[in-house]
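What follows is one structure encoded as structure tokens, with my remarks underneath.
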Amino acid sequence: MSTDDAHFQVTEMPVIRALTKAAKQALLTPGCRCRTAVTAVRTISVSPRQVTSDASFHSVSFSETDHPKVLITGGLGQLGVGLAKILRKRFGNNNVILSDIRKPPSHVFHSGPFIYSDILDYKNLREIVVNNRITWLVHYSAVLSAVGEANVQLAREVNITALQGLSNSSLYLVVFFCFFFGLHNILDFAAEHGLRLFVPSTIGAFGPTSPRDPTPDLCVQRPRTIYGVSKVHAELMGEYYHHRYGLDFRCLRYPGIISADSQPGGGTTDYAVAIFHDASKNGKFECNLKPGTRLPMMYIDDCLRATLEVMEAPTEQLSMRTYNINAMSFSPEELAAEVKKQIPDFQITYNIDHIRQAIADSWPMNFDDGNARNDWGWKHDYDLPELVTTMLNFIGSDSRLAHAN
């Protein structure tokens, strides 16, 4: 082991520590007009024992010893909650810890272990990993593409509500740097403690100079949104840590993810969720992208299963550390035509959002995920007809129940 490697094993990078400290100080300067609550949110280390009463992290039974112990950070989004559900089903309820800096809804809190975890607080993260014997870490934290570029209420999207006094443009820069510092904390302690680390990426990691139809795993990326830049940064840093420090880093580039469990959140591909809600409720939908705008998409069940499968894949089967995954590719007019098969009177109109359209025009039209299929056997279950039927059944049944109530 080199001197640099030995130093890395005992401490996080001093440059990152210094930059993190500077960022925290900057957030508290008078010019930021930040509330003093930022200090409490960002610097206080809390006990990692804030878990459900039936969790037993230090008394692992013999039957559990072969299972990974999983921590999901930034876990209160639909992907974090959904992944926790399938991981608990596979590995046992107490072997999967969901975490965030927000208070969880009651149904999430009572579904399994939940813990406070601040990714900007290295000491807090280390205590959680050590005390709970974590072996896998899934890091969910992102700002949606169109939301970021439009500079609207970003504090809510990244759980930093104490920063609402900032201007929108300054707020987005703060959000980006928090993501940057949090990612480096995650990388540092994952390498230090020998964790298997998953960090998601997206179609937003590509740009207008990338091949678009299809987009391979390895090609020119150069995204033109801060969202995409942050994703490329995460991909490259994870691969660097893998080659430099031996970190077991794994990453999937998600296409647009479609789910009936949540409302559209402002992303460029969210029209493909909103259309089902509006079709079920009103029988019509106004789309903010052009009719022929083709983008890769995936139903959430396929997305979560792909995440589990790549995490379980033997290391020797992985020819790379960042993979494209795909299920289908369609345009708004193609999706609308499929919806009309189920709702014949459905109507779609178009009112183009130029920010979202510009982002969509720079993204892949179709993902080449051949390496994922060849290396670890990825295979999707949902094509466009199955997606439309499933979404309308879920949302339609919820609408009928609400109407009856």
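The values are calculated or read from the model by the stated rules, or taken from the named source; none is laboratory data. Every value quoted in this text rests on a predicted model; they were computed, and no experiment measured them. Note that we place each Cβ from the backbone using ideal geometry, even for glycine, and neighbour counts take in every protein chain shown. In case anyone asks, the SASA skips ligands and DNA or RNA and just uses the protein heavy atoms, side chains included. Shrake-Rupley method; radii C 1.70, N 1.55, O 1.52, S 1.80 Å.
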Note to self: Can you divide the C-alpha Rg of the range 308-405 by 2.2 N^0.38 Å and report the result to two decimal places?
What the structure shows: 1.45
Margin query: Past 21 Å, Cα to Cα: identify those pairs from K85/K341; K69/K123; K231/K290, in the order given.
Written below: K85/K341; K231/K290
Note to self: Give me the extension gain from K281 to F394: residue separation times 0.36 nm, minus the current Cα-Cα distance, reported in nm with one decimal.
What the structure shows: 39.4 nm
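Based on the Cα coordinates of the range 217-367, what is the per residue volume of their convex hull in Å³?
Per residue, the Cα convex hull of the range 217-367 comes to 120 Å³.
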Item checked: Share, in percent, of DSSP beta bridges within the range 226-362 that are antiparallel, nearest 5 -> 25
Next item on the list: List the residues whose amide H sits under 5 Å from the amide H of Y323, counting only those 5 or more places along or on another chain, with H placed 1.01 Å from N in the peptide plane.
Entry: C251, L252, R253
Notebook entry, point to check: Which residues in the range 248-267 place their backbone N less than 18 Å from a point set 7 Å from the Cα of E312 along the Cα-to-Cβ direction?
Noted result: 250-252
Item checked: Backbone N within the range 379-396 under 16 Å of label point (7 Å from K341 Cα along the Cβ vector) -> 382-393
Notebook entry, point to check: When the accessible area of the range 263-405 is computed with all protein chains present and a 1.4 Å probe, what percentage of it is carbon and sulfur?
Noted result: 47
Note to self: Quick check: the distance between the Cα centres of the range 98-132 and the range 195-246, to the nearest angstrom?
What the structure shows: 27
Checklist line | 5 angstrom amide H check on M328, placed H, neighbours 5+ away | finding: M297
Item checked: Protection proxy ranking of 223-234, 305-316 - average other beta-carbon atoms within 10 Å, highest first -> 223-234, 305-316
